[in-house]
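First comes the structure, then the notes that go with it.
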Number of protein chains: 2
Amino acid sequence: MPNTKVLPLLEPSVDEGVVPCCPPLTERPFTAEEAETAARMFKALGDPVRLRLFSAVASHEGGEACVCDISDVGVSQPTVSHHLKKLKEAGLLTSERRGTWVYYRVTPSVLAAMGQLLAIR
Amino acid sequence: MPNTKVLPLLEPSVDEGVVPCCPPLTERPFTAEEAETAARMFKALGDPVRLRLFSAVASHEGGEACVCDISDVGVSQPTVSHHLKKLKEAGLLTSERRGTWVYYRVTPSVLAAMGQLLAIR
DNA sequence: GCAAGGCATCGACAAACGTCGAAACAAAGG
DNA sequence: CCTTTGTTTCGACGTTTGTCGATGCCTTGC
């Protein structure tokens with residue numbers, strides 16, 4: 001029986017110390033502030049290149065990817081860098097330099113927050 | 001024990017005859033086409049006003065709302081209409097005129113599709 | 001120290017976007 | 001009909017966005 005598994009994103013240990021952000025989209029009309037916050041996240045994923053980059057990081061083994069691993073998305077290298085910065089500013093990714101390379105990973109709470117918007121619980 | 005409930009959005013009866021769209025964001029890197037499709041959805045929700053409108057429709061009793069019910073989002077009425085059109089074009093909402101009023105509702109498959117992007121299953 | 005490679009920043013530009021007021025359209029009621 | 005009310009379309013505007021090439025900044029390896 002598929003679909004009986006709970007979102008692995010909402011493990012109790014995961015959603016502590018992080019943005020409660022917003023109620024489910026379908027629970028009640030968002031306030032202006034809630035909308036401002038959540039829209040920032042959606043907006044960051046609202047560009048095809050950024051979505052590919054995010055997906056590439058999120059699906060990469062070890063949970064992290066160096067820029068060189070994911071730069072093959074059809075735009076120039078400065079543009080890749082620009083989009084990664086946007087994703088960082090939106091709180092979706094974090095980055096860390098290790099030697100020559102810079103590694104990006106998905107901010108732990110982010111997938112849980114997205115799940116929360118979708119009426120889970 | 002909370003969080004043991006499965007996404008009500010993925011009931012077997014719901015996701016039939018509709019866009020399979022994309023795999024979970026975390027499963028593998030999105031292709032250009034998948035990213036194009038999914039980004040359109042995220043982009044539509046990436047504006048605070050649109051997100052409030054969508055949330056207002058999604059949370060409204062009966063699953064639908066007339067424009068007059070949700071127009072109080074701080075922008076002019078033409079702007080509201082413009083955003084509703086964008087949400088329609090993105091496939092997130094549908095509309096139907098009944099007499100004087102126009103009613104909007106969330107496209108049935110949309111929440112399921114969004115759930116699918118979040119690594120469910 | 002110096003060259004090379006990985007990545008970020010800068011400056012520029014066209015395209016897309018959000019917003020509004022004015023006007024048009026549609027339905028209902030006198 | 002003509003008016004009223006709800007909604008969409010149009011035209012215009014300033015702002016934001018995505019993109020690039022050129023340049024600069026780290027780190028490593030000679």
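The values are calculated or read from the model by the stated rules, or taken from the named source; none is laboratory data. Keep in mind that what you see is a predicted model, and the values were worked out from it rather than measured. Reconstructed Cβ throughout: ideal geometry from the backbone, glycine too, with neighbour counts over all protein chains shown. SASA here: full protein model, heavy atoms, side chains in, ligands and nucleic acids out. Shrake-Rupley method; radii C 1.70, N 1.55, O 1.52, S 1.80 Å.
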Q. Within the stretch A:60-70, how many residues are touching a helix residue (DSSP H, G or I) at 6+ places or on another chain (Cβ under 9 Å) and open to solvent by 40 Å² or more (accessible area, probe 1.4 Å)?
A. 2
(Q) With open to solvent by less than 10 Å² (accessible area, probe 1.4 Å), within 15 Å of DNA strand C (Cβ to nearest atom) and either within 14 Å of chain A (Cβ to nearest Cβ) or touching a residue at least 60 places away in the same chain (Cβ under 8 Å) (or both) as the only criterion, which of B:V73, B:V57, B:V80 stands out? (A) B:V80
Q: Identify the single condition in (1) touching a Phe, Trp or Tyr at 6+ places or on another chain (Cβ under 8 Å); (2) away from every other protein chain (no Cβ under 11 Å); (3) modelled with pLDDT under 95 that B:G62 does not satisfy, given that it satisfies every other one.
A: (1)
**Q.** Listing of helices (runs of 4 or more DSSP H) fully contained in the stretch B:58-121 that carry 3 or more residues being farther than 22 Å from A:T31 by Cα, in contact with a Leu (Cβ under 8 Å, 6 or more places away or on another chain) and more than 10 Å from DNA strand D (Cβ to nearest atom)
**A.** B:110-117
(Q) Show the residue pairs meeting these rules: Cβ distance below 6 Å; 6+ apart or different chains; first residue within the stretch B:36-47 and within 8 Å of DNA strand C (Cβ to nearest atom); second residue open to solvent by less than 60 Å² (accessible area, probe 1.4 Å) and of a type outside the set (F, W, Y). (A) B:K43/A:G46; B:G46/A:A39; B:G46/A:G46; B:D47/A:A39
Q.
more than 8 Å from chain A (Cβ to nearest Cβ), within 16 Å of DNA strand D (Cβ to nearest atom), open to solvent by 60 Å² or more (accessible area, probe 1.4 Å) and at pLDDT below 95: is that true of B:G17 in this structure?
A. no
Q: Filter the stretch B:35-48 for residues that are crowded, with 21+ Cβ neighbours inside 10 Å and away from DNA strand D (no atom under 11 Å from the Cβ) and give the result.
A: B:A38, B:M41, B:A44, B:L45, B:P48
